[in-house]
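Each remark here refers to the structure printed beneath this line.
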Amino acid sequence: MDRALYQKHRPQLFEDVIEQPQVVSVLEKAAKQGAPAHAYLFTGPRGIGKTSIARIFAKTMQCKDIDVFEIDAASHTSVEHIRDITASVYTQPVESEYKVYILDEVHMLSKSAFNAFLKTLEEPPAHVIFILVTTEAEKVPETVVSRCVSLQFQQPSLAVLQNTAIEAAKKEGFVITKQSAALVALMAEGSFRDTLTLLQKILFVADGKTVDHQLAEEVLGAPKHRLINEYLAALADHDIAAGVAALSTASQTNANIPLFAKLCIRKLRAALLLREQVTDIVEEYTEDDRQFIDTLSKKEGLTLTMLTDLLEASYAIPRSSIKVLPLECLLLNK
C-alpha cells in the first residue's frame, strides 16, 4: 500500500458518497442549475467525508485545482489570517468560473476573526464560494450560520462501516471476515476515516490474503472474544467468581474496557434476538461464537433487563475510576 487507505478510497464523485443523500441532493441540484449559494456550512462528526464532499462539489462546479483553496482554520485563527483570505477573494479565478474556499474546522477561528470575516461572507464577489466545515457547529456564531446554507452530515451506521472495511480490503486484494470487519467498524466509532486507518494497520501485518478475527483482535488490541464469552456466560449464570475472573484477566492484559462492554452488548443483543428466531444476526460471527451465542440464548438467566443494565454500565465506565467496576456491579446485583 503506497499511501493511506483513507486517502486512496475517499470518494471522488457524488455517486461514490455513502449515507449522505440529503447533502448530495442539495449540492447536485445547485451544480446542475449553475446556481450555488455563496456560502455553505458543513456540520457533522469527524471522519465522515465533509471535506471530501466539499472537494467533489468544487470539481462538479468545474473548478480547477488552482482555484480551490483548502485552509485549516485551526492553524489560521487570527484576524490577520482572515484578512489575508478576504483580500484574496477579490482577484478573479485563474482557470475556472468560481474560486472555492474550504475552511476546515472553522469553529477554531477567534471571535475577532469571525467578526472580520462577516462582511465578506455576507457580500462576497460573485465568483467566490465559501464552504465552512466543522465538527462543532455550536461554536460557530449565529451571525455566521445565518449567512450560510447549512448541511448536516449523518454518522454512518455500523453496518455501513463494516461493509466499507470489507470492500476496501477486497480492493486491496484481501478478504476480511465479517466479524473482523465488525470489530474495525465498532472501534472506528462512526468514522469512515478511522475505519480505513484501522483496516490498514491490520493489512500491513497480514501474512496471507485472509484476515481472521484473531489477527484483528491482536493488531487492534481488542479484548479477546473468549473473555467476553466468559463474562456473558457468568452474567447469565449468576456466577460472580467466573465473571470477576474474566474482567480481571481483561484488566491485566490492558484490554479496552469500554470496547469490552460494547462487544458484550452486541453479543448479548444477538443472543436475545436469536431467541426470537432472528437468525441472520449471528451471520457475521465465527462458528465458535455462533455456537456460544446459541447456547447463551437458551439460558434462563438471559433477560432483556440484563441488556439494558449492560447499556447503563457502558455509559458509566468512562466516569469510573476503576473501569471494570460498573461491569462488576452487574455481577453483584444478580
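Of all residues in the range 47-101, those satisfying the criterion of being of a type in the set (D, E, K, R) and under 21 Å from residue 26 (Cα atoms) are 50, 55, 59, 97, 99.
Here 145, 106, 160, 140 are screened, and the one residue that is buried (at least 21 other Cβ atoms within 10 Å of the Cβ) and of a type in the set (A, V, I, L, M, F, W, C) is 106.
From 323, 267, grab the single residue that is in a helix (DSSP H, G or I) and under 26 Å from the mean Cα position of the chain (by Cα). First the steps, then the outcome.
On the way: 323 fails: in a helix (DSSP H, G or I).
None of the others qualify; the one that does is 267.
Could you identify the single residue in 256, 229 that is within 29 Å of residue 160 (Cα to Cα) and in contact with a Phe, Trp or Tyr (Cβ under 6 Å, 6 or more places away or on another chain)?
On the way: 256 fails: in contact with a Phe, Trp or Tyr (Cβ under 6 Å, 6 or more places away or on another chain).
Only one candidate qualifies: 229.
Under the condition of being in contact with a Ser or Thr (Cβ under 9 Å, 6 or more places away or on another chain) and either assigned by TED's automatic domain parsing to the domain that holds residue 293 or modelled with pLDDT of 90 or more (or both), which residue from the range 191-210 is surrounded by the fewest Cβ atoms within 10 Å (Cβ to Cβ)? Of everything passing the filter in the range 191-210, 197 is surrounded by the fewest Cβ atoms within 10 Å (Cβ to Cβ). If the condition is being in contact (Cβ under 8 Å) with a residue 60 or more places away in the chain, touching an Asp or Glu at 6+ places or on another chain (Cβ under 7 Å) and assigned to a helix (DSSP H, G or I), then the range 160-182 contributes 160, 178, 179, 182.
What single numbered condition from (1) under 27 Å from residue 282 (Cβ atoms); (2) in the same structural domain as residue 39 (by TED's automatic domain parsing) fails to hold for residue 186? Looking at each condition in turn, residue 186 falls short on (2).
On inspection, residue 216 fails the criterion of being of a type in the set (A, V, I, L, M) and not assigned by TED's automatic domain parsing to the domain that holds residue 169.
Take the conditions within 13 Å of the chain's Cα centre (by Cα) and within 30 Å of residue 124 (Cβ to Cβ) and apply them to residue 162. Does it pass?
no
Contact annotation: residue pairs with Cβ atoms under 6 Å, 6 or more positions apart or on different chains, pairing a residue in the range 308-322 that is in contact (Cβ under 8 Å) with a residue 60 or more places away in the chain with a partner that is in a helix (DSSP H, G or I) and not hydrophobic (A, V, I, L, M, F, W, C), are 317/258; 317/326.
The values are calculated or read from the model by the stated rules, or taken from the named source; none is laboratory data. All of these numbers come straight from a predicted model, not from anything done at the bench. Quick reminder, even Gly has a Cβ in these numbers, built from the backbone with ideal geometry, and neighbours come from all protein chains shown.
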